[in-house]
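Notes follow once the structure below has been shown.
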Amino acid sequence: MKRTAPSSAAMAVVTLAAGVLFTSGTASAGERTGTAHAGRDVYGTKTPYSPQGRPGRYQNAPEGFAPVFTESVARHGSRAMTDSGDGDAVLTVLQKAQDQGSLTGLGERLGPQVRSLLAAASALGYGNLSARGADEHRQTALRLEQRLPSLVAGIAARHEPIVVETSGVPRAVASADAFTGGLASGEPALAGLIEEPVTDKNLLYFHKQPQNADYQAYVKSDPQLTAVLTGIDGDPRTDEAAHRVVARLFRKDFASALSAEARISFARSLSQLYSAVPDLAVEAPDVDFTPFLTHRDAQWFAYLDDAEEFYQKGPGFSGRTITYKMAGVLLDDLLAQAQAKASGTNRNGAVLRFTHAEEIEPLAALMGLPGSTEPAEPGEPYTYGNNPWRGAEVSPMAANIQWDLFANTPSEGRPARHLVRMLYNEKETAFKPSCKPVSKGSYFYELDELKRCLAHT
């Protein structure tokens, strides 16, 4: 959606809930390296991946059950920003200020940092997977093998295919290559079983497909969406944060001459560059944007980005399913692949899918995963104070949802049973409350139970 500075009338459309939304603080070493805690605050969906599981602390499968299949849906890993637009916008204002002798000492340091970041992104290729992103997927694959050694050995012994599907977008294809490369390096016997990636846009890039034209129209011009985002952007704290940003970088006369719209546009472009830095830590090791945005202001702009993600791709508005019903195709495929393995209609040892935030966030909302269960009520816009949804936790770079299928050995007169365990960013995760596990507190569910409780219209 194209965003413009709100008018005073539009600013009154939505009044944010009163109260303190954020904790105060200053930039820390954790911020600079993009840890999960700091990412929750300031990097949003650009937060680099951090596994949430605890090695050696996973529940054991019920007695007699062993893993026979695994499948996953993963977002691409950390990447370069998709274009130079924000960097160009920041450099244009900096150049104008420099020509007028209006840069502060801090402001003089910003230009070289922006140019270094843009150079690194350009050399990598805008939008392409970074070295950090490749390693995120490589390490995730190695941890999968460590969690499921008997499955890996069984796939190798039975020569079962490992199916790889992507959106066809280069960063998703590169993520698939990094992941399967990790599998092969951890267990060389798998190398010959990994099939060539196939592109399935209807499954893994569904938000852009013709059958979802209603969703595309919603993002482009839905009146309710436009009103709430305009109101959120128009909160006075947006201009206050932008004013603090420019006051630190430009001398008073220049800063005062900038319109509110120009201040906000500059500050938001700067915040986009700020959040892109951790993803390019290998390609641009000397770039550091933390001096140019205080933690407080970085948090505010991250909130504005999260609000847009929440309403465009997440739980959205109470009573409306437009943002996530389209993910049904992906949920159906997860169920179908598990059922096909259970019934013996295919021999696949694993099905690995690589996609984007536009697919992960709707799938999380449709499935009712943690942090994605609460839509916004009318008249109560999304804030960090009234909703747990955070882009850094729902869909960081390389976010993943994994289903492991377990089977027992059938006995005379009794067919095999099949159980499913879900990991969300490698953390054991319960299915939604309407799904009943095999026992209280268990993360294992009968496959037939999931087919019942995850049914959707």
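Determine whether residue 425 is buried (at least 16 other Cβ atoms within 10 Å of the Cβ) and over 21 Å from residue 62 (Cα atoms).
Values: buried (at least 16 other Cβ atoms within 10 Å of the Cβ): yes; over 21 Å from residue 62 (Cα atoms): yes.
Judged against the criteria, residue 425 is a match.
In this structure, is residue 393 touching a Gly at 6+ places or on another chain (Cβ under 9 Å), in contact (Cβ under 8 Å) with a residue 12 or more places away in the chain, within 27 Å of residue 152 (Cα to Cα) and of a type in the set (D, E, K, R)? Give the derivation first.
Details: touching a Gly at 6+ places or on another chain (Cβ under 9 Å): yes; in contact (Cβ under 8 Å) with a residue 12 or more places away in the chain: yes; within 27 Å of residue 152 (Cα to Cα): no; of a type in the set (D, E, K, R): yes.
No.
Buried (at least 19 other Cβ atoms within 10 Å of the Cβ), among the polar types (S, T, N, Q), under 24 Å from the mean Cα position of the chain (by Cα) and not in a strand (DSSP E or B): is that true of residue 226 in this structure? So that I can check it myself, show each step before the final result.
Details: buried (at least 19 other Cβ atoms within 10 Å of the Cβ): no; among the polar types (S, T, N, Q): yes; under 24 Å from the mean Cα position of the chain (by Cα): yes; not in a strand (DSSP E or B): yes.
No, not satisfied.
Is there a residue being more than 20 Å from the chain's Cα centre (by Cα), part of a loop (DSSP other than H, G, I, E, B), on the phi > 0 side of the Ramachandran plot and of a type in the set (Gly, Ala, Ser) anywhere in region 306-316?
Step one: filter region 306-316 for residues more than 20 Å from the chain's Cα centre (by Cα), giving none.
Taking every residue of region 306-316 in turn, none turns out to be more than 20 Å from the chain's Cα centre (by Cα), part of a loop (DSSP other than H, G, I, E, B), on the phi > 0 side of the Ramachandran plot and of a type in the set (Gly, Ala, Ser).
Okay, residues lined up against (1) surrounded by 23 or more Cβ atoms within 10 Å (Cβ to Cβ); (2) more than 22 Å from residue 41 (Cα to Cα):
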| site | (1), (2) |
| --- | --- |
| 257 | no, yes |
| 260 | no, yes |
| 265 | no, no |
| 279 | yes, no |
| 287 | no, no |
| 294 | no, no |
| 298 | yes, no |
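Condition test on residue 279, is it assigned to a helix (DSSP H, G or I) and charged (D, E, K, R)? Can you show your working first?
Values: assigned to a helix (DSSP H, G or I): yes; charged (D, E, K, R): yes.
In short, yes.
I want to confirm something. Restricting to region 169-214 and keeping residues that are in a helix (DSSP H, G or I) and charged (D, E, K, R), which single residue is farthest from residue 348 (Cα to Cα)? Write out each step before concluding.
Taking region 169-214 and keeping what is in a helix (DSSP H, G or I), we get 170-186, 188-193, 201-204, 206-208, 210-214.
Going one step further and asking which of them are charged (D, E, K, R), we end up with 171, 177, 201, 208, 214.
Values: 171: 25, 177: 18, 201: 21, 208: 29, 214: 35 Å.
Checked region 169-214; the qualifying residue farthest from residue 348 (Cα to Cα) is 214.
Of all residues in region 260-314, how many are under 18 Å from residue 89 (Cβ atoms), among the hydroxyl-bearing types (Ser, Thr, Tyr) and in contact (Cβ under 8 Å) with a residue 60 or more places away in the chain?
Going through region 260-314 one residue at a time, the tally reaches 4.
Within region 77-115, count every residue that is surrounded by 21 or more Cβ atoms within 10 Å (Cβ to Cβ), touching a Pro at 6+ places or on another chain (Cβ under 9 Å) and more than 17 Å from residue 268 (Cα to Cα).
Result for region 77-115: 2.
Conditions: (1) among the charged types (D, E, K, R); (2) surrounded by fewer than 19 Cβ atoms within 10 Å (Cβ to Cβ); (3) within 30 Å of residue 289 (Cβ to Cβ). Residue 195 meets all but one. Number of the miss?
Status for residue 195: all satisfied but (3).
Read the figures in this text as sums done on the coordinates, not as results from a lab. Nothing here was measured: the structure is a model prediction, and the numbers come from that model. Every residue, glycine as well, gets a Cβ built from its backbone with ideal geometry; the counts of neighbours run over all protein chains shown.
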